[in-house]
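Q: One structure coming up, written as structure tokens, with questions to follow.
The values are calculated or read from the model by the stated rules, or taken from the named source; none is laboratory data. All values reported here derive from a predicted model rather than from experimental measurement. Ideal geometry is used to build each Cβ from the backbone, glycine not excepted, and the neighbour counts take in all protein chains shown.
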Amino acid sequence: MTLGLRGAMRRRDFITLMSGATLAWPLAARAQQQTIPVIGFLSSASLETLAHRISAIRLGLQEIGYVDGKNVVFEFRTASSDYDKFSAMAADLVRRKVTVIAAFGPPAALAAKAATATIPIVFIVGSDPVGLGLVASLNRPGGNLTGINFFSGELVAKRLELLHEMVPGAARIAVLVNPAHARAAENTLRDTETAARAMGLQIQVLKASTSGEINAAFATFVRERPDAVFVSLDPFFSSRRVQIVNLASYHRVPATYGNRDIVEAGGLMSYGASLTDANRQMGVYAGRILRGAKPADLPVVQATKFELVINNTTARMFGLTVPPSLLAIADEVIE
């Protein structure tokens, strides 16, 4: 009886112990998950458009020792080119207490800055971050923001020069900007007009912030017939790259773009900072902040790697022969 009673007690204690452990394991797992840092991504582009950029960010994070799904997790908020959504999405990331916010483009970065003064923010922008009001200075950002600047405005003159070399007879250039991103549009137009004046070119301004407005802008080509198109670097235009490429092909108007995404989709040519390298650097900065670095102490990284990409198949479709001088300096020629 005594042995039987002791055995029953041991079995009962064992069952109680196992029951407690069964309850404790999920709690421990949840506690462990809560300690894993979260990077909240804020962008106007779709996840499909962001895919290759996220891959580059992962590479940067891995340089610092962070692996997505292992010791860091991602939380995505995409506005689908509707900039009015940014404020609510940024506020949602703040409520969820993400560890770092990664903001793509000025509207996303400005919304994140307005939403929090404490959560670190790493941005990637083509416009001057000081002029945008994101940081106090490039060397000492101050506050809770730092990031990557890839010089879209400073490259306007070079892009026009390369376009004119590709289409030497071009005299009238249509410039497509997104008025929803007002400050960047103003900067692009100012820089384009200055460069065009120096080259003796005429500028026609086209504005589009919706798919329908892109169609309307290209429809004016039937009347205006510009010799070429200068498409400003804007997340919205990248997200509508197939539409823009098809319209340029339909109207048989050569166009230049600010990043290789659109050229890979069939656009004629692009010149700009390597977004792959810029996004890798964004991942590095996010990783350094996760390690304890403060954004105020991390200087804004300015892009140093630029690339000229030419789609020779598209050039032939337009009846253009790519000059040997451009072929010699192109980083990639798509056949």
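Q: Which of (1) over 30 Å from Gly40 (Cβ atoms); (2) within 21 Å of the chain's Cα centre (by Cα); (3) charged (D, E, K, R) is the odd one out, the single condition Glu307 does not satisfy?
A: (1)
Q: Of the residues that sit in the stretch 113-162 and are surrounded by 23 or more Cβ atoms within 10 Å (Cβ to Cβ) and touching a Lys or Arg at 6+ places or on another chain (Cβ under 8 Å), which one is farthest from Gly200 (Cα to Cα)?
A: Step by step, filter the stretch 113-162, then rank; the result is Pro120.
Q: A further question follows. How many residues are hydrophobic (A, V, I, L, M, F, W, C) and part of a loop (DSSP other than H, G, I, E, B) if we restrict to the stretch 236-258?
A: 1
Q: Same structure again: Taking only the stretch 33-49 into account, find how many residues are modelled with pLDDT of 80 or more and either under 14 Å from Val100 (Cβ atoms) or buried (at least 21 other Cβ atoms within 10 Å of the Cβ) (or both).
A: Residues meeting the conditions: 9.
Q: Another question, then. Would you check if Val205 is in the same structural domain as Arg172 (by TED's automatic domain parsing), in contact with a strand residue (DSSP E or B) (Cβ under 6 Å, 6 or more places away or on another chain), buried (at least 19 other Cβ atoms within 10 Å of the Cβ) and touching a residue at least 24 places away in the same chain (Cβ under 8 Å)?
A: No: the conditions fail for Val205.
Q: Might you check whether a residue that is surrounded by fewer than 19 Cβ atoms within 10 Å (Cβ to Cβ), in contact (Cβ under 8 Å) with a residue 40 or more places away in the chain and not hydroxyl-bearing (Ser, Thr, Tyr) occurs anywhere in the stretch 81-96?
A: The answer is yes, given that some residue of the stretch 81-96 is surrounded by fewer than 19 Cβ atoms within 10 Å (Cβ to Cβ), in contact (Cβ under 8 Å) with a residue 40 or more places away in the chain and not hydroxyl-bearing (Ser, Thr, Tyr).
Q: Moving on to the next point. If you scan the stretch 259-269, which residues turn out to be of a type in the set (A, V, I, L, M) and in a helix (DSSP H, G or I)?
A: Ile262, Val263
Q: Go over the candidates Gly287, Gly272, Gly283 one by one and state the one that is buried (at least 20 other Cβ atoms within 10 Å of the Cβ) and not in a helix (DSSP H, G or I).
A: Just one listed residue meets the conditions, Gly272.
Q: If you don't mind, there's one more thing I want to ask. Against the definition (surrounded by fewer than 21 Cβ atoms within 10 Å (Cβ to Cβ), on the phi > 0 side of the Ramachandran plot and either among the β-branched types (Val, Ile, Thr) or in contact (Cβ under 8 Å) with a residue 24 or more places away in the chain (or both)), how does Arg252 come out, yes or no?
A: yes
Q: Okay, next question. Among the strands (runs of 3 or more DSSP E) confined wholly to the stretch 65-179, which include 3 or more residues that are over 19 Å from the mean Cα position of the chain (by Cα)?
A: 172-177
Q: Looking only at the stretch 299-307, decide whether some residue is more than 30 Å from Leu327 (Cα to Cα), buried (at least 23 other Cβ atoms within 10 Å of the Cβ) and either in the same structural domain as Val100 (by TED's automatic domain parsing) or touching a strand residue (DSSP E or B) at 6+ places or on another chain (Cβ under 9 Å) (or both).
A: yes
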